[in-house]
1. Collect the residues in the stretch 73-85 that are closer than 21 Å to V27 by Cβ and out of contact with any Asp or Glu (no Cβ under 8 Å at 6 or more places or on another chain), keeping them in residue-number order.
2. So N63 passes all but one of these: (1) farther than 30 Å from V102 by Cβ; (2) loosely packed, with under 12 Cβ neighbours inside 10 Å. Which condition number does it fail?
3. Give the stretch 13-43 a look and list any residue that's assigned to a helix (DSSP H, G or I), hydrophobic (A, V, I, L, M, F, W, C) and modelled with pLDDT of 85 or more, or say none.
4. If I go through the stretch 71-103 residue by residue, how many of them are touching a Lys or Arg at 6+ places or on another chain (Cβ under 7 Å) and assigned to a loop (DSSP other than H, G, I, E, B)?
5. Could you figure out which of (1) modelled with pLDDT of 90 or more; (2) within 22 Å of H75 (Cα to Cα); (3) surrounded by 12 or more Cβ atoms within 10 Å (Cβ to Cβ) isn't true of Y46?
6. With the checklist (1) in a loop (DSSP other than H, G, I, E, B); (2) modelled with pLDDT of 90 or more; (3) touching a Gly at 6+ places or on another chain (Cβ under 7 Å) in hand, flag the one item Q59 doesn't pass.
7. Give me the pairs, please: first residue somewhere in the stretch 76-103 and on the phi > 0 side of the Ramachandran plot, second residue anywhere and assigned to a loop (DSSP other than H, G, I, E, B) and surrounded by 14 or more Cβ atoms within 10 Å (Cβ to Cβ), beta-carbon distance under 8 Å, and either six or more positions apart or on two chains.
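The values are calculated or read from the model by the stated rules, or taken from the named source; none is laboratory data. Only a predicted model underlies this, so the values are computations on that prediction, with no experimental measurement involved. Here Cβ is always computed from backbone atoms with ideal geometry, including for glycine, and neighbour counts include all displayed protein chains.
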Amino acid sequence: MALYSLIIVIVIFTHLSSRASGHGSLVEPPSRSSMWRFGFKTKPNYNDNELFCGEYTVQWQRNGGKCGVCGDAWHLPKPRPNEDGGVYGRGIIVRNYNPGLVV
């Protein structure tokens, strides 16, 4: 009986864990949406950790799996908010790296 219960728990855990949909944000170097957090004089994006193509339903059902270059929803008009020329893409270079440097 204990083995049966363990198998049931493992099956349930496996089923539930496959539905996780995590997200994060780029902090080094700062993304265009996050520059304001590092002292740049840019417009704040308080949802800078939510650049996941508009969310699952938008990306897969509305846009056929397509995603904007910088994590914006594909269907948004260009330039999208995080692309160069968009609300957060202001042409600011946040870091410089030398050739051959391991980042």
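1. Scanning the stretch 73-85 gives a single hit, D84.
2. It is condition (2) that N63 fails.
3. Residues of the stretch 13-43 that are assigned to a helix (DSSP H, G or I), as a first pass: 13-17, 35-38.
Imposing the further condition that a residue be hydrophobic (A, V, I, L, M, F, W, C) reduces the set to 13, 16, 35-36, 38.
Answer for the stretch 13-43, where residues must be assigned to a helix (DSSP H, G or I), hydrophobic (A, V, I, L, M, F, W, C) and modelled with pLDDT of 85 or more: M35, W36, F38.
4. First pass over the stretch 71-103, keeping only residues touching a Lys or Arg at 6+ places or on another chain (Cβ under 7 Å): 72, 74-75, 82, 86-89.
When the remaining residues are screened for being assigned to a loop (DSSP other than H, G, I, E, B), the result is 72, 74-75, 82, 86-88.
Qualifying residue count for the region: 7.
5. (3)
6. Every listed condition holds for Q59 apart from (1).
7. As it stands, the answer is G85/P79, since those pairs meet every condition given.
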